[in-house]
Amino acid sequence: MTNKKCPVCIKVKGKRICQLNNNALICPLCCAQARCSDCEGCHYYAQSEQYAQMKRSAKLKHFLRAINPEVDDKLDDALVMVENGNVQAGEEIISELLKANPELATTHYAMGVVYIAKKQYDESLACFEKAADIFPEFIEAWFNKGTCHQLKMDIEEAIKAFQKVVELGNLKDEFVRHAKNVVTDFEKTVYEEAGISLEVYFGAKDKFEAAHTCMKNEEYEEAVTGFQAVISINPKLPQAYANLGICYAQLDNKSEALKAFEQALALEPEYEPAIFNRDIVASLKEGETFSDKIASLEYYKD
């Protein structure tokens, strides 16, 4: 087969079919530079759009040197291998490309996809975070970052990542719509259960975690103050009342402990840890202390 050069630049071998040039084969760089709305539907449209967006944006000029369509083509081929189940072969190619091109966001992104395929979510998360650090408007990296946080049950960070996807993305894209639905559904759940916004909800979460740390460090008076602050923000959180009950029990305040456990159960009647700890405290006789065999509660429901 004849090695025809790109008809646009007449320098590099044409590799991509271009519908703007009568389906002629053009080189990857010309493909990216020629991008326009007429290209929608083309396999390389998303990549070309990203290139053009960076070229237009003065604040992103320092990213232009980190664009390498030839490397991205190789990454695409390797990711197809991973998607088809040949993870090891794809990983070997991507690993070499990452070593040779650590300045490219796409190499870190591709390695993150490999780690997801291997269910190594901590490693994949680190890769997507690096990709987003290199190119802050890398929407797919933000989306996969959110997915990793979801898989690790880190709800707050997942929501923040998906919010970034919605901020940067286009709702015409299915994955952007999915991110928006995740955020909207969680926001709706929080409002229905607690009557507060996501911002307030996560603010209460930070206070809850600080109080929980005090409790684990046996700083029970400080923990009581902390859980009371959480309840003042989110009075419909059974975990806060349940942990408040534990703290009161450790401070030998049986009546307040039982009251707190009952408040937790009024919100969540089947909440087993609260039932368990309430029964322990209720069974204590004069002079007996609260057992170390307690069940503390995290901010999110089990």
Just one of the numbered conditions (1) within 13 Å of the chain's Cα centre (by Cα); (2) surrounded by 19 or more Cβ atoms within 10 Å (Cβ to Cβ) is not true of Phe138; which one?
(1)
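For every residue, the table says whether it meets (1) touching a Leu at 6+ places or on another chain (Cβ under 8 Å); (2) among the polar types (S, T, N, Q).
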| position | (1), (2) |
| --- | --- |
| Ala179 | no, no |
| Ala210 | no, no |
| Gln228 | yes, yes |
| Asn234 | no, yes |
| Pro273 | yes, no |
Please indicate, with yes or no, whether at least one residue in segment 211-229 is surrounded by 15 or more Cβ atoms within 10 Å (Cβ to Cβ) and touching a Lys or Arg at 6+ places or on another chain (Cβ under 8 Å).
yes
Would you pick out the residues in segment 192-206 that are under 21 Å from the mean Cα position of the chain (by Cα) and surrounded by 14 or more Cβ atoms within 10 Å (Cβ to Cβ)?
Leu198, Val200, Tyr201, Phe202, Gly203, Ala204, Lys205
Name, by its number, the condition in (1) more than 23 Å from Ala249 (Cβ to Cβ); (2) touching a Gly at 6+ places or on another chain (Cβ under 9 Å); (3) of a type in the set (Phe, Trp, Tyr) that does not hold for Phe202.
(2)
Within segment 269-276, does at least one residue satisfy the condition of being buried (at least 18 other Cβ atoms within 10 Å of the Cβ) and assigned to a loop (DSSP other than H, G, I, E, B)?
yes
Members of segment 161-191 found to be among the basic types (Lys, Arg), in contact with a helix residue (DSSP H, G or I) (Cβ under 8 Å, 6 or more places away or on another chain) and either exposed (fewer than 15 other Cβ atoms within 10 Å of the Cβ) or under 19 Å from Gly112 (Cβ atoms) (or both), listed by number:
Lys164
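Laboratory data are not the source of any read-out in this text; all were calculated from the coordinates shown. Here the structure is a predicted model, which is why all the values come from computation and not from measurement. Cβ atoms come from the backbone with ideal geometry, glycine included; neighbour counts cover every protein chain shown.
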